[in-house]
Amino acid sequence: MSSDCSSNSTCSANSMEKELPGIMEGRGTLKLVFTVVSAVMVGLVMFSFGCSVEIRKLWSHLRRPWGIAVGLLCQFGLMPVTGYLLAIGFSLKPFQAIAVLIMGCCPGGTISNVLTFWVDGDMDLSVSMTTCSTVAALGMMPLCLYLYSRSWNLTQSLTIPYQSMGITLGSLVVPVAFGVYMNYRWPKQAKVILKVGAIVGGILLLVVAVTGVVLSKGWNTDVTLLIIGFIFPLVGHVTGFLLAFLTHQSWQRCRTISIETGAQNIQVCIAMLQLSFTAEYLAQLFNFALAYGLFQVLHGLLIVTAYQAYKRRQKSKHRRQHPDCPEVGYEKQPRETSAFLEESDGAAVTLRPSGPEQQHRAAE
């Protein structure tokens, strides 16, 4: 998209030739790296996380989709509003503001499934939300962009990357379906695949982030966009957690929805930027998308580190209070506090010890 163009020279087709060769080379290399690595990452990770999905729980989420509904409200309600407010608050130029809105309107990314696993979140809800948000994005992305982009005068229409979203959806559904079948037929082997996939997914996420930084050959981006790239995912995590908490979701679901809200599909955003912007603007906007992806990985790693530290602290506290009690191998799952509680969730909660004394008796 070409916005705020006062002269034909800056918005002509010849602007492609004016871009620096180094930036073009770096952008082309990055595109190839992201395509290959993302394809491998999505296939392996989604297959492994599909091995953690139980058909009964998945059907429970689809039959009473309260958690999915809250997640979609965060994804296509809070994130576009946050992007709009950031664009207004930082007084961005039209083409920069639209890029921020595009990022806010994108569906959830695969990184959310990796992070959800490491914070002991609801994997069934996480996979369901990622899939449903990708399907919903086919209609919600054009609607949200139409509503929020009216504040700026645009001379060129946006191009929705339906092909890219279709490929993303296929790369989600097919591996997850095989993983669910694997868990149904061979549950013991599925647990091993899940652990290996979680580790591989984390490594590949770091590879994608580091490769993007190394091959970018300098951040040719407005500092304001880098600041927004740092703030945006963090705001998404916080507001997603608060909305889940206000709707009385369990702590496990609050963590899941929080991560799903802040983690966006960077590949869809990059595809839309490439289809909608000329090379003059694409260079810095492409780096903005990379910066968002890098910061969402860093924020996610900080969340995982904080949670794992808290978890180890609770285990150490339990060992000090009950030195003769064996280690309990499962996490205490809090009870839902409203009508959002599903029958299967309630049954699962009541079967688990709810305190140190109950855990001690269960171990004995």
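Worth a mention:
- In the range 268-317, residue surrounded by the most Cβ atoms within 10 Å (Cβ to Cβ) [restricted to those that are touching a Ser or Thr at 6+ places or on another chain (Cβ under 7 Å) and hydroxyl-bearing (Ser, Thr, Tyr)]: SER276
- Sub-8 Å Cβ pairs linking a first residue in the range 277-302 that is free of Cβ contacts under 8 Å to residues at least 12 places away in the same chain and of a type outside the set (A, V, I, L, M) to a second residue that is in a helix (DSSP H, G or I) and surrounded by fewer than 22 Cβ atoms within 10 Å (Cβ to Cβ), at least 6 apart or interchain, number zero.
- Restricting attention to the range 181-216, the residues that are modelled with pLDDT under 75, over 20 Å from the mean Cα position of the chain (by Cα) and open to solvent by less than 80 Å² (accessible area, probe 1.4 Å) add up to 2.
- Whichever residue in the range 233-283 is under 25 Å from LEU138 (Cα atoms) and outside any helix (DSSP H, G or I) and, among such residues, is farthest from the chain's Cα centre (by Cα): THR278
- Residue in the range 34-54 that is among the aliphatic types (A, V, I, L, M), modelled with pLDDT under 60 and not in a helix (DSSP H, G or I) present: no
- When ALA306 is tested against (1) closer than 17 Å to VAL114 by Cα; (2) at pLDDT below 90, just one condition goes unmet, and that condition is (2).
- Residue check, PHE241 without any contact (Cβ under 8 Å) to a residue 24 or more places away in the chain and in contact with a Phe, Trp or Tyr (Cβ under 9 Å, 6 or more places away or on another chain): no
- The residue that is surrounded by the fewest Cβ atoms within 10 Å (Cβ to Cβ), among those in the range 52-69 that are charged (D, E, K, R) and within 19 Å of TRP251 (Cα to Cα), is ARG64.
The values are calculated or read from the model by the stated rules, or taken from the named source; none is laboratory data. Since the structure is predicted, the reported quantities are computational estimates derived from the model, not experimental observations. Quick reminder, even Gly has a Cβ in these numbers, built from the backbone with ideal geometry, and neighbours come from all protein chains shown. These accessible areas exclude ligands, DNA and RNA; they are computed on the full protein's heavy atoms, side chains included. Shrake-Rupley method; radii C 1.70, N 1.55, O 1.52, S 1.80 Å.
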